[in-house]
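Since the structure comes first, as structure tokens, the remarks are kept for the end.
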Amino acid sequence: MGPGELEEEDPRSLRVRAFFGLPVPEPQREELAPFLNACSQVAPDFRWTPQDNLHLTIRFVGNVERRLVESVAGALTHRSLAAFDVELGDIGSFGRGRAVRVVWLGLRKGAEVAAALALQVEEECLRVGLAAEPRPYTAHLTLARARPRGGAGLPELPALPRVRPWRADQLVLYSSRLTRTGTVYEALRTLELA
């Protein structure tokens, strides 16, 4: 390499904000879109998830070297990861008292298999030296996050639409970039569930 030339950086050594998740198919996202739009009108103290970002989180990893999280994905390809049926359930929230931080939809069907998948991902995360997830896994689809730091009161929301069940047959390793206009997700790797 000559003077003044920059060594090209290996993109796998870059740090990413990463998580593993199950994408929500387009038809189900479209069924939820009018509900999310209506919620943003009645509950403006929350940032409602854009329909293109809807997913079920399996394991949030955080800011790590890309090569590390890709090695987790690589190890998962050698495991027996089962596809399963998902049906959304009721609205729930995380927070204390009236200070709601996160609004979510639970699962009526598929929660146990999602939890088993989360355990497999957790085992591979621990194997590469990532810190253990401190909270027990709760299968959910995040709908909104409170804008203020401490949480907000949640008003009565519009009626939840009927969303058709679907087959979860892909586990995606996503990167998550926070921008002024919202969060941008990029699929780094897609694993097929058998």
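Observations on the model:
- Unmet criterion (only one of (1) in contact with a Gly (Cβ under 8 Å, 6 or more places away or on another chain); (2) within 20 Å of R177 (Cα to Cα); (3) crowded, with 18+ Cβ neighbours inside 10 Å) for L107: (2)
- Condition check for A82: among the hydrophobic types (A, V, I, L, M, F, W, C), surrounded by fewer than 19 Cβ atoms within 10 Å (Cβ to Cβ) and either touching a residue at least 24 places away in the same chain (Cβ under 8 Å) or not in a strand (DSSP E or B) (or both): yes
- Selection from the stretch 42-68 of residues that are under 16 Å from L22 (Cα atoms) and buried (at least 19 other Cβ atoms within 10 Å of the Cβ): T49, L54, H55, L56, T57, I58, R59, V61
- Qualifying residues in the stretch 127-162 (those that are outside any loop (DSSP other than H, G, I, E, B) and more than 21 Å from the chain's Cα centre (by Cα)) - the one nearest to L117 (Cα to Cα): R127
- Restricting the stretch 145-188 to residues that are charged (D, E, K, R) and under 24 Å from A83 (Cβ atoms), the residue that is surrounded by the most Cβ atoms within 10 Å (Cβ to Cβ): D169
- The residues in the stretch 94-126 that are basic (K, R) and either modelled with pLDDT of 95 or more or in a loop (DSSP other than H, G, I, E, B) (or both) can be counted, and the count is 3.
The values are calculated or read from the model by the stated rules, or taken from the named source; none is laboratory data. All values derive from a computational prediction rather than experimental measurement. Note: ideal-geometry Cβ built from the backbone for every residue, glycine included; neighbour counts use all protein chains shown.
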